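Worksheet: one structure, shown below.
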């Protein structure tokens, strides 16, 4: 019998925390709830949770700091951030720290369940046989080990970033539209009513790693009105 997937909810509003526990237990998850930031970080770092639902405004340690510290030791831990702040800069900051998705309060419970399912579905990607991607003369990427080099600089990638690169590489004969990436990499239905800048943030992060000049990319390029292309050597 398959084990239940384990969720960690780090949320100090008791009504929201208990509501999330009830919803996800109903959907078959094993759910633990923590109300304090430092205690939540300690729990998250045990590595025993399949996904962390992380509020931004917390006592002890805020969600941004928690996300950053989780990512420092675990590049693959799925994280969805919850916040009452919906401004673009907050979203960008959360995703730039390594969150897989970002949901503003008040949120639709059905939508949150969908997002959790999508992040979990895409995070459990098996490690494929080692493959090397070469971008021009300077960039070499080891897809199996989530690592690479750009000149003399060592690169480290999250599993999500590598999945994006692998998908773009597999379809490098054409531009890949943004909604196709959301569907194939994150698992969102093409007609799902979801607004997210996740693709944009991840592309920007990848460019900072693999491009000499991220503002004028040579390898991961935008084809206006069509999507993104990864230009292989």
Handout entry: Residues of segment 1-37 satisfying the condition of being part of a loop (DSSP other than H, G, I, E, B) and under 22 Å from residue 76 (Cα atoms)
Key = 2, 3, 4, 5, 11, 29
Handout entry: Considering residues of segment 104-118 that are modelled with pLDDT of 85 or more and touching a strand residue (DSSP E or B) at 6+ places or on another chain (Cβ under 9 Å) only, the residue surrounded by the fewest Cβ atoms within 10 Å (Cβ to Cβ)
Key = 112
Practice task
Report yes if residue 40 is in a loop (DSSP other than H, G, I, E, B) and without any contact (Cβ under 8 Å) to a residue 40 or more places away in the chain, otherwise no.
Solution key: no
Handout entry: Residues of segment 44-66 satisfying the condition of being within 18 Å of residue 120 (Cβ to Cβ) and touching a strand residue (DSSP E or B) at 6+ places or on another chain (Cβ under 6 Å)
Key = 44, 49, 50, 51, 52, 53, 54
Exercise for the section: Mind telling me which of the residues 165, 97 ends up being crowded, with 17+ Cβ neighbours inside 10 Å and at pLDDT below 90? Expected result: 97
Exercise for the section: Report yes if some residue within segment 191-208 is more than 25 Å from residue 93 (Cα to Cα) and at pLDDT below 90; otherwise report no. Expected result: yes
Handout entry: Scan of segment 203-233 for residues that are touching a helix residue (DSSP H, G or I) at 6+ places or on another chain (Cβ under 9 Å), in contact (Cβ under 8 Å) with a residue 40 or more places away in the chain and over 23 Å from residue 152 (Cα atoms), ordered by number
Key = 227, 228, 229
Handout entry: Identity of the residue in segment 120-142, closer than 18 Å to residue 163 by Cα and at pLDDT 85 or above, that ends up surrounded by the fewest Cβ atoms within 10 Å (Cβ to Cβ)
Key = 134
Fill in the blank from the handout: With criteria (1) buried (at least 16 other Cβ atoms within 10 Å of the Cβ); (2) more than 21 Å from the chain's Cα centre (by Cα); (3) in contact (Cβ under 8 Å) with a residue 24 or more places away in the chain, residue 21 comes up short on (3)
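The values are calculated or read from the model by the stated rules, or taken from the named source; none is laboratory data. Note that this is a predicted model, so its numbers are computed, not measured. Here Cβ is always computed from backbone atoms with ideal geometry, including for glycine, and neighbour counts include all displayed protein chains.
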